[in-house]
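Note sheet for the following structure.
The values are calculated or read from the model by the stated rules, or taken from the named source; none is laboratory data. What you are looking at is a predicted structure, and each value in this text was computed from that prediction instead of being measured. Because the Cβ atoms are built from the backbone with ideal geometry, glycine has one as well, and the counts that use them run over all protein chains shown.
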Amino acid sequence: MEETLLNGLITGSYKSYTALYDKWVSPLYRFVYSLVKSEEIAKDIVQETFIKIWTNRRNINANLSFKSYIFTISYHLVLKELQRKINHPQMEDYMEYCNDLLIADSVTDRQCSFDTFLAELIKAKTKLSPRQRQIFEMSKEYNLSISEIAQELSLTDQSVRNQLTTSLKIIRKELKNYSYLLVLLAILR
């Protein structure tokens, strides 16, 4: 049955493509979600997987395992997404925050969500003054040094350090209210 659908897909049958999609979308979503722990990212990766399947349909070998083929595509897309997360400018703060929660809250069976962390960080940044927020973002999101920030804003290095220290205290205080969010790094599972 699946071989017939694959042959139809290879020849451009949208009906065969839809039947394969219906068969594999749920197991593929569960697999991807188990790795990325984000509904939105999992949906995007599954969608991108099926786009790649349609785009490369003429190169599919109907005699080989379609399951292996689609799961391999998704796995590579997951790796790409995890690499993107690791390179995200807020990842260091996120890891520090998770570590702080592990120490403060010894519960280890909760799940960490980087997307939720970023959403809560955006909320927490609203508690900063405009200058604190600017300095915080320049330091943590644009990776500028204290000296670079001071030069850019015509401030002393010490003034930038003081503002950054205050900002970090406020951010940590605000994020502590959400300790239920983050304990284990999802990307290290």
Of the residues in segment 52-67 that are among the polar types (S, T, N, Q) and exposed (fewer than 10 other Cβ atoms within 10 Å of the Cβ), the one that is modelled with the lowest pLDDT is 63
Residue 100: passes all of (1) among the charged types (D, E, K, R); (2) surrounded by 15 or more Cβ atoms within 10 Å (Cβ to Cβ); (3) at pLDDT 90 or above but (3)
With respect to residue 137, determine if the residue is assigned to a helix (DSSP H, G or I) and either of a type in the set (Phe, Trp, Tyr) or in contact (Cβ under 8 Å) with a residue 40 or more places away in the chain (or both).
no
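Report yes if residue 33 is of a type in the set (Phe, Trp, Tyr), assigned to a helix (DSSP H, G or I) and under 13 Å from the mean Cα position of the chain (by Cα), otherwise no.
yes
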Scan segment 71-84 residue by residue and report those that are crowded, with 19+ Cβ neighbours inside 10 Å and at pLDDT below 85.
81
Scanning segment 1-27 for residues that are outside any helix (DSSP H, G or I) and without any contact (Cβ under 8 Å) to a residue 12 or more places away in the chain, the one nearest to the chain's Cα centre (by Cα) turns out to be 13
Quick one: is residue 30 surrounded by fewer than 13 Cβ atoms within 10 Å (Cβ to Cβ), among the basic types (Lys, Arg) and in contact (Cβ under 8 Å) with a residue 12 or more places away in the chain?
no
